[in-house]
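Everything on this sheet refers to the single structure shown next.
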Amino acid sequence: MIVRMAKIAVIGPKELLLDVLAAIEQMGLLQIDQESSPEQLRELAPALQSVTLDTGALAQRLQYEELRHKIEALLAYLPSATGREYYLDNAGIARFLAEVIDKHLDNLRSLDQELRQLDQSRKELAEAQQFLEAISPLFAAEKQTTLLDHIGVSIRDRKALAELKRRLEQETGQPISIDTVEGAEGRLLGVITAEQEVANLLRKKLSGNLMLEHALPQELAILPVSEKIVALAEKQSELAERRHRIQAEVATFSQRWQGIYRHVRNWLMVQLTLLNATASVYQSTMCFFIFGWIPEDAVGCFSRKLHAEFAGKVTVEEKEILVRDLDRVPTSLHNPAYFQPFEIFSRLLPVPRYSSCDLTPYIGVFFPLFFGMMLGDVGYGLIVSGLGLALLCRWRHRKLVRDAGKIMVVCGVYAMIFGLLYGEFLGALGAAWLGLKPLLLARHDTILPMVYFSLAAGVVHISLALLLGGLSARRKKEPREAAFKFVSILFILCVSLLGATYILPVAGLWQQPLLTGLFILAPALLLTGGLLAPLEAIKHLGNIISYARIMAIGLTSVLLAYVANHLAGMTGSIWLGVIIGILLHGFNVLLGIFAPTVHALRLHYVEFFSKTMEKGGRAFSPLGKKNNQS
């Protein structure tokens, strides 16, 4: 439901403005109206004008903004932690941090850059060590002489190995030895052995897509392979130790300073909020005036707190909400516990206008009703409710999943209720095993009654949407629009009853009065809705016909259940039949969750909401709400 709002004016001495804004921010109840009309201002004081920040306040605001941005940058380098609460002189500690934050920020940036370099070096050294460990068997003892040099390479195209060896020998004029071993990712790891002068020439030519030499630090390049591997391990240990020391230094800094910086950051956000709020405040020569919106039931508490905190120097006056104010009134939604989970559907839509209505309760009533009409099976309803309870137990701390679980439980209960009305438990198994009989009708044998049942639900749903739209238009002082919606309801009812007279011969005596009623309503539609009113009325009838999808989706579900039972019985094996039955019924349950959900939402979003919802509302966002949440 949409919370009833009150329009108020907070009036007090100019020197108390920031203190009053701080108190309002702490309560988190008032949304300041930034679009007060000149007429409203003249009602309170003829010489009222907007508050403007003086040079000192503007400079303070810029300093706070700069310090807040620096603190945000500094906190990004620190690990997330929950700090203790501090009781400090906020303004004094903010001035102190403004002097030291550049030094702290430069130090953290330097440490972060060094950490990145260490990680990159460790990665390169680890790759080089893995490479050398893989090719170390290729280094025979007799090759370890000062006359020969060895180049470790990764050959990407093993088919080109012979051609590569031939080309290198051709370019150097010397015999080239390439020993290889199988490496990771399908590559060949190899060692090229040549005289030192030739090896230096080869290093300049080893490039492109065929091979890549693993470079080593210069001080390790002259060592034998076995010593290189040991040296690389030692080098990685040194880097890891240095990384650990840097992390310990950052952790020590975080433990000492993070809580203070976060505390000052939060305080700065509050101060900036208050300074920004002054742009929406008005003043006369001696007083300030704050106009805003507050939940109607919170006005008394709000007024008493301000009166007590400022010893009666601040006054709260409640103003009448005029028709011209309706477009500016913010919208706040609050629903009973049963309807709250269904807000996940209504919040997908734009915020409704204050003069409109919250559609969540109608989703909470009709969505599970339509879902149950379509699924309509006791067994499937038990499974859906069980899945919903599993979500509630497994992810009860995640609101979105918890709400989805609650909706599934409710929809499963409705599916069980309609399953009893249809006499279905996993299709026809209820009748065969449990002697279950339909309390209302067997929908697989009575298609036309199901069509009439679905269309009747559409008549009720569409008529309710038009009724809500008419009441909303009446609240907005739009009598012609309201009259058109009410006449449309009468038109739909007359057409529906007229159609029923052809189905029920007993009601044939009502045909003439109903035709007369339609003849009278036709000019009423033209007078209230204009020349396009008849087309709009026909559109309503088309919307009602679309509710036949309830019958179609339900019939699909029951037929799939019958197919699952029939195929399971044809196997001739109990275990195979059970497996097939579980698979097919499981598929039907998944389809039975997905299809009714999509089509039930479609009936709400397209047919229902288009006739009653007024878009363009403003969400209620009181001063201090975001800060308090953070």
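Only the coordinates and a few stated rules stand behind these numbers; no lab work does. Computed from a predicted model, the values in this text were never measured in an experiment. All Cβ positions, even for glycine, are placed from backbone atoms using ideal geometry, and neighbour counts span all protein chains on display.
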Ranked list, fewest to most other Cβ atoms within 10 Å of each Cβ, for MET27, MET450, MET374:
MET27, MET450, MET374
Calculate the dipole size of region 546-630 relative to its Cα centre from +1 charges on Lys and Arg beta carbons and -1 charges on Asp and Glu beta carbons; express the result in debye to the nearest 20.
540 debye
Between TYR354 and residues 5 or more places away or on another chain, which pairs have amide H atoms under 5 Å apart, with H built 1.01 Å from N, and which residues are they?
ARG618
Taking the beta-carbon count within 10 Å as an exposure proxy, list LYS7, LYS165, LYS615 from fewest neighbours to most.
LYS615, LYS165, LYS7
The simple spin-label model distance between ASP106 and ALA431, using points 7 Å out along Cα→Cβ, in nm, is 8.7 nm
Global geometry of region 340-612, whether rounded, prolate or oblate, following the gyration tensor of its Cα atoms and the 1.5 cut on a/c
oblate
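Using the structure shown, select from LYS319/LYS477; LYS7/LYS476; LYS477/LYS539; LYS14/LYS70; LYS7/LYS305; LYS7/LYS485 the pairs with a Cα to Cα distance greater than 28 angstrom.
Flagged as over cut-off: LYS14/LYS70; LYS7/LYS485.
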Pick out, in residue order, every one of the GluC sites (Glu not before Pro) in region 280-359 that is DSSP loop and has at most 15 other C-beta atoms within 10 Å; say none if there are none.
GLU320
Could you derive backbone 3J(HN,Hα) for region 554-568 from the dihedral phi with the Karplus parameters 6.51, -1.76 and 1.60 (θ = phi - 60°), listing whole Hz in sequence and x where the residue is Gly or Pro?
x, 5, 4, 4, 5, 5, 5, 5, 5, 4, 4, 5, 5, 5, 5
Under the classification rounded if a/c is under 1.5, otherwise prolate if a/b is larger than b/c and oblate if not, where does region 557-630 fall, given a ≥ b ≥ c as square roots of the Cα gyration tensor eigenvalues?
oblate
Mind ranking 252-261, 425-434 by how tightly packed they are, going by the mean number of other C-beta atoms within 10 angstrom, highest first?
425-434, 252-261
Provide THR597, THR612 in ascending order of the number of other Cβ atoms located within 10 Å of each residue's Cβ, fewest first.
THR597, THR612
